[in-house]
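Visitor: Encoded as structure tokens, here's the structure I'll be asking about.
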Amino acid sequence: MLQFLGRGSAFADTQNCAFFEADGALILLDCPMSAFHRLRYMQKRFDRIAVLVTHTHSDHIGGIPMLIHFAKHVLHIPVTVIAPTQEVADDLRYLIERLDGCSPDAYAMLTADALRADWFVSAVPVKHAEALAGRCFGYVLRIGGRDVIYTGDTASLSPFLPYLHAGAYLYTEAAGFDSGVHLYIEDLLPEIRRLTAEGVHVYLMHLDDEAALAARIQGTGAEFAPLYTEKTGGNA
């Protein structure tokens, strides 16, 4: 399903960014600067790029303006930025054009409700950081005939439970530290065990302490989100 250019949290060396391919396009879920640098060396080329934004913390959007510049001047392909709401779209446009100086004709901006794509189902509002209240989202996607649920950054799995069923793929953040704004692994473990027992494929992302989290999920049926490697063109 999804592959990851990084699965770390804000202070990791490679921050969280997933992707998949659809009809010749590269579809990114967020784009931190660490993901942009990996994208520059990706061997496979695409005819267009879309970035589906979950929220505007810099470890999720920091690479978007640079990606737009690079796609226009080096790759010569279009970029579409997809915001969950108009409010988030306005914030992103300010960053992209006003602060980073991207030309308005170098990219397109869409909101999720205007997106028409076979792989897109819906945006799901979540509770994350109070300063971004009402502007944080996860997504429900349909990739290769399978339901894919991507939480983004969230303090609760509850908004996604109605979308989870046997055969669905859940990519959920998991934190080894209890911050109140992320899903703490000790609170998440009962849900992981229940969901995997029901046939949901559970992958953990946005990791803050991989060693500690690996120890905690042993025997639960959950796995870490798969990292992309340029050398093989597949998973690490």
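Visitor: I need the full set of residues from the range 164-190 which are farther than 20 Å from Ala10 by Cα and surrounded by 19 or more Cβ atoms within 10 Å (Cβ to Cβ), in order please.
Guide: Leu164, Ala168, Tyr169, Leu170, listed by residue number.
Visitor: Considering only residues that are of a type outside the set (Val, Ile, Thr) and buried (at least 24 other Cβ atoms within 10 Å of the Cβ), which ones fall in the range 53-64?
Guide: Of everything in the range 53-64, those that are of a type outside the set (Val, Ile, Thr) and buried (at least 24 other Cβ atoms within 10 Å of the Cβ) turn out to be His60, Gly63.
Visitor: Here's another thing I want to ask about it. For the range 129-141: of the residues being touching a strand residue (DSSP E or B) at 6+ places or on another chain (Cβ under 9 Å) and aliphatic (A, V, I, L, M), which is surrounded by the fewest Cβ atoms within 10 Å (Cβ to Cβ)?
Guide: Val140
Residues are listed down the side, and each one gets a yes or a no for (1) within 19 Å of Arg40 (Cβ to Cβ); (2) crowded, with 17+ Cβ neighbours inside 10 Å; (3) of a type in the set (Val, Ile, Thr); (4) modelled with pLDDT under 95:
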site	(1), (2), (3), (4)
His69	yes, yes, no, no
Lys72	yes, yes, no, no
Ile77	yes, no, yes, no
Pro84	no, yes, no, no
Val88	no, yes, yes, no
Asp91	no, yes, no, no
Asp100	yes, no, no, no
Met109	no, yes, no, no
Ala123	no, yes, no, no
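Visitor: Looking at the range 16-128, what helices (runs of 4 or more DSSP H) fall wholly within it and have at least 1 residues that are of a type in the set (Ser, Thr, Tyr), out of contact with any strand residue (DSSP E or B) (no Cβ under 8 Å at 6 or more places or on another chain) and within 23 Å of Leu183 (Cα to Cα)?
Guide: 58-61
Visitor: Do you know which residues across the range 1-15 are under 20 Å from Gly176 (Cα atoms), in a loop (DSSP other than H, G, I, E, B) and touching a residue at least 60 places away in the same chain (Cβ under 8 Å)?
Guide: Arg7, Ser9, Phe11, Ala12
The values are calculated or read from the model by the stated rules, or taken from the named source; none is laboratory data. Computed from a predicted structure; not experimentally measured. Because the Cβ atoms are built from the backbone with ideal geometry, glycine has one as well, and the counts that use them run over all protein chains shown.
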